[in-house]
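Where a number appears in this text, it was derived from the coordinates with a stated rule and is not lab data. Computed from a predicted model, the values in this text were never measured in an experiment. Methodologically, a virtual Cβ is constructed for each residue, glycine included, from the backbone with ideal geometry; neighbour enumeration extends over all protein chains shown.
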Ligand SMILES: Cc1ncc(COP(=O)(O)O)c(C=O)c1O
């Protein structure tokens, strides 16, 4: 349509949201569908957080707040960084937005000039490249295969950096693979970044709390203090606190960038929801014990899903350290035929096949920049997951 801006052609609607919508549509039409596409916990927001929101409404916290967050929430965020990450930030080094996604968007709008390069390890969260493209930047992908646990290697990062590199985006634990960097693995990357003083680091720590088997989470500014004055440490309440709908994300960064981000936000959405901000203060300052309870369930599901998928003919599933995703390879199904005679030529074909044949909705690896794989979110009930994995095994067994 001629009326629409050319820049819209640079991007596509989020493929993960598209899969969730498709699964919902099929269900509404009466199909027996198990949706494994959604990137949100199936647990409800804890009651103490809900109560804080109700109290905020009663108190009259229903007006505009400071554009990039209330002083109370910024203080709670400083406390969180100090307590959990050993990072000392002042309130003027903190920004709050309507979700982690908006933080990344604001940061890119505020910093990218046409042609600036952004290094993105692949597979990646679907929004990184499209946000960069919308800001006229150039995504530079670094493929990270199953053999390295889907983690970027120092030499590959070093090779990807050019004089035009403005940012490197890191995401640990990762969406879509669940891979999380150990301190040593991250140190190897920060050693490279120290050598390139023109490069900024955006670390997306959204899944910080979702790690299993005593994995110890670390973040770049904590490991390498020399990087702190060019690092944006992004986090949020969406995943760990089961608050995806409340839309609160936050970040710590040098003051000049925080001000630039606030300038962008002041001319777009203004402040994030006042009630959600009050609830987020309680999330960060209140009891944290439910996180371990949720993680025990997530770990059990991860182990079950990995085991069951590894029993499916043609699939190979790596066991990840965190988040609530697995990213199995479907390489062993490529070239096989479905009972209807259709050849599976790609991961797109494979996910279309398991949806059609068995009503299991997963997301194709091509959406995340690394094929032939697919992503399964195990943030759904254990019974539904077991059923879904049995169906996938059955679908794989029928390929010849
Ligand atoms: C890696 C990653 N970063 C950021 C986000 C966005 O979080 P929010 O819902 O707070 O915008 C998501 C959500 O799926 C994610 O997976």
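Please tell me the relative contact order of the stretch 153-253 in percent, rounded to the nearest whole number, where contacts are Cα pairs under 8 Å and at least six residues apart. Write down the numbers at each step before the final one.
Values: 160 pairs, mean separation 25.9, N = 101.
The value is 26 percent.
Considering only 214, 171, 48, give the residue with the highest GNM mean-square fluctuation for the chain, with springs between Cα atoms whenever their separation is below 10 Å.
The residue with the greatest mean-square fluctuation here is 214.
Taking the chain as the reference, fit the longest principal axis to its C-alpha atoms, fit the long axis of helix 100-111 to the helix C-alpha atoms, and give the angle between the two in degrees, 0 to 90, nearest 10.
60
Take the alpha carbon gyration tensor of the stretch 89-247, find the square roots of its eigenvalues, order them as a ≥ b ≥ c, and report rounded if a/c is under 1.5; if not, report prolate when a/b exceeds b/c, else oblate. Write down the numbers at each step before the final one.
Values: a/c = 1.30, a/b = 1.05, b/c = 1.24.
Note, shape of the stretch 89-247 comes out rounded.
Treating the angle as unsigned and between 0 and 90°, give the value, to the nearest 10°, between the Cα long axis of helix 47-59 and the longest Cα principal axis of the chain.
For 47-59 against the chain, the angle is about 40 degrees.
Restricting to Cα pairs below 8 Å that are 6+ residues apart, what does the relative contact order work out to for the stretch 63-285? Please round to a whole percent. Mind dumping the intermediate values first?
Working: 421 pairs, mean separation 62.3, N = 223.
After rounding, I find 28 percent.
Take residue 58 and residue 310, extend 7 Å from each Cα along the Cα→Cβ direction, and tell me the distance between the two endpoints in nm.
Spacing of the two 7 Å Cα→Cβ label points: 5.1 nm.
Roughly speaking, what is the stretch gain from residue 47 to residue 356, that is 0.36 nm per residue apart minus the C-alpha to C-alpha distance, in nm to one decimal? Working shown, then result.
Details: separation 309, 0.36 × 309 = 111.24 nm, distance 3.89 nm.
Computed gain between residue 47 and residue 356 is 107.4 nm.
Give, in nm to one decimal, the length gained when the segment between residue 384 and residue 1 is fully stretched (0.36 nm per residue of separation minus the Cα-Cα distance).
Numbers: separation 383, 0.36 × 383 = 137.88 nm, distance 4.17 nm.
Between residue 384 and residue 1, full extension yields an extra 133.7 nm.
Which angle from 0 to 90°, rounded to the nearest 10, does the C-alpha axis of helix 274-285 make with the longest principal axis of the chain?
Once rounded, the angle reads 80 degrees.
Which value in nm describes the separation of the simple spin-label points at residue 340 and residue 88, placed 7 Å from the Cα toward the beta carbon?
6.4
When only Cα pairs under 8 Å and 6 or more residues apart are kept, what is the percent relative contact order across the chain? Walk me through the numbers before you get to the answer.
Numbers: 784 pairs, mean separation 88.6, N = 400.
Taking the mean separation of contacting Cα pairs over the length of the chain, I get 22 percent.
If you average the C-alpha positions of the stretch 1-34 and of the stretch 109-173 separately, how far apart do those two centres end up, in angstrom?
25
What ranking of 1, 304 emerges when the number of other C-beta atoms within 10 Å of each C-beta is taken as an exposure proxy, fewest first?
Values: 1 4, 304 15.
Listed from fewest to most nearby Cβ atoms, that is 1, 304.
Figure the gain on full extension for residue 269 and residue 394 (residue separation times 0.36 nm, minus the Cα-Cα span) and round it to one decimal in nm. Could you put the intermediate results ahead of the total?
On the way: separation 125, 0.36 × 125 = 45.00 nm, distance 4.74 nm.
Working it through step by step, the gained length comes to 40.3 nm.
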